[in-house]
1. Looking only at region 58-78, which residues are surrounded by fewer than 17 Cβ atoms within 10 Å (Cβ to Cβ), over 12 Å from the mean Cα position of the chain (by Cα) and in contact (Cβ under 8 Å) with a residue 24 or more places away in the chain?
2. Which condition from (1) more than 14 Å from the chain's Cα centre (by Cα); (2) at negative phi; (3) surrounded by fewer than 18 Cβ atoms within 10 Å (Cβ to Cβ) is the one that residue 49 breaks?
3. Pick from region 101-118 the residues that are farther than 16 Å from residue 58 by Cα and touching a residue at least 12 places away in the same chain (Cβ under 8 Å): which of them is surrounded by the most Cβ atoms within 10 Å (Cβ to Cβ)?
4. Looking at 91, 139, which is the one that is closer than 25 Å to residue 14 by Cβ and either surrounded by 15 or more Cβ atoms within 10 Å (Cβ to Cβ) or in contact (Cβ under 8 Å) with a residue 12 or more places away in the chain (or both)?
């Protein structure tokens with residue numbers, strides 16, 4: 001099996017590759033590169049690398065004390081089925097800055113089974129949660145509704 005590596009060394013990330021994937025993902029279609037750069041800069045990020053090739057990614061938005069939100073997790077289609085998403089999640093949940101948090105959230109359309117293995121469950125009190133949701137914020141014209 002090829003030597004895949006999970007790293008949080010942002011200096012080794014391929015921002016072009018990350019942007020290319022995220023800009024066509026179901027959760028952030030059309031996201032501008034500058035937004036991806038700012039998100040990486042202000043988050044705790046994890047890369048899945050094969051040599052220097054960026055084949056996966058995930059980021060955690062966190063205060064490193066009480067709360068975290070897991071976002072932008074992916075493994076490129078041609079590298080799936082090799083346990084990389086589990087290795088990525090192992091690295092996320094083991095990271096020292098994410099220990100002892102009161103709450104960690106994520107949103108997913110299709111990976112519930114993966115995340116359940118790491119303790120994620122449906123919201124305990126969804127009636128307490130609220131959101132501002134702007135699914136078309138990156139669309140031409142910048143609609144915020």
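The numbers here are math on the coordinates, done by the rules we state, and not lab data. Predicted, not measured: the structure shown is a model, and the values here were computed from it. For neighbour counting, all protein chains shown are included, and Cβ atoms are generated from backbone atoms with ideal geometry for every residue, glycine included.
1. Of everything in region 58-78, those that are surrounded by fewer than 17 Cβ atoms within 10 Å (Cβ to Cβ), over 12 Å from the mean Cα position of the chain (by Cα) and in contact (Cβ under 8 Å) with a residue 24 or more places away in the chain turn out to be 64, 65, 66, 67.
2. Tallying (1) more than 14 Å from the chain's Cα centre (by Cα); (2) at negative phi; (3) surrounded by fewer than 18 Cβ atoms within 10 Å (Cβ to Cβ), residue 49 fails exactly one: (3).
3. 101
4. From the options 91, 139, the qualifying one is 91.
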